[in-house]
Amino acid sequence: MAAGFWSFRGRNNPQLDALFLAGFVFAFALVVFVVLFRFQGRRLTRILPHRLRDFYERFHEGTTGALNPGLLIVVLGLTGGVWILEGVRVFFVIHALDLPNLLHLRISASIFVALAASLLTAIPLTPAGIGFVQAGIVGALALYGVSKEAGTAVALTDFVLSTLSVIVFGGILYAFSDKIRRAHGVPATR
């Protein structure tokens, strides 16, 4: 969200500003909820029935276990690094295509587009978000004035690099790995 806000700064678009404001308010509310859940969530176990307490305690530990300061710094650092690398990948895809109406996009726009695509993969409409994510990339690029054709070229190229390559090469590696042999009861070759 910060990448999108940064890349859209200075543009006079009240609708987009309202969208970012709503996003920041929602994100802030979510952070407050998680912090409250982390520190006050155990109180809820007192009022839960016994059969739900164990389940809730495991859920609470799993959802808030990474919120201790030492681990949180590592998680935030790794997450930020992955998001930046996602944006760099989209940035390289955009510039590799060398389309004239794409070259004005900066790295902040690429990070915004990559994060929008990553968020769309979390919505389980299609396997790996195929089609849905690409439409989101085209839509996100349209916010920057990129044509549908150029946006589609970016979306499809990014799909081939980020998703299809993992499926194809991962499938080949899996087919020749010992895991498939073990799954079918065949002894490992090594």
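From (1) in contact with a helix residue (DSSP H, G or I) (Cβ under 8 Å, 6 or more places away or on another chain); (2) closer than 30 Å to ILE137 by Cα; (3) of a type outside the set (D, E, K, R), pick out the condition that doesn't hold for THR64.
Condition (2) is where THR64 drops out.
So how many residues does segment 36-60 have that are within 23 Å of LEU72 (Cα to Cα) and touching a helix residue (DSSP H, G or I) at 6+ places or on another chain (Cβ under 8 Å)?
7
If you take the residues of segment 154-190 that are in a helix (DSSP H, G or I), free of Cβ contacts under 8 Å to residues at least 24 places away in the same chain and of a type in the set (Val, Ile, Thr), which of them is farthest from THR121 (Cα to Cα)?
The selected residue is ILE180.
With the requirement that a residue be surrounded by fewer than 20 Cβ atoms within 10 Å (Cβ to Cβ), assigned to a helix (DSSP H, G or I) and among the aliphatic types (A, V, I, L, M), what does segment 117-149 give you?
Scanning segment 117-149 gives LEU119, LEU120, ALA128, ALA135, ALA142.
Of the residues that sit in segment 51-91 and are surrounded by 11 or more Cβ atoms within 10 Å (Cβ to Cβ) and among the aromatic types (Phe, Trp, Tyr), which one is nearest to ASP158 (Cα to Cα)?
The extreme case among them is PHE91.
Bear in mind that the values in this text are calculations on the coordinates, not laboratory data. Source: prediction; values computed, not measured. Note that each Cβ is placed from the backbone with ideal geometry, even for glycine, and that neighbours are counted across all protein chains shown.
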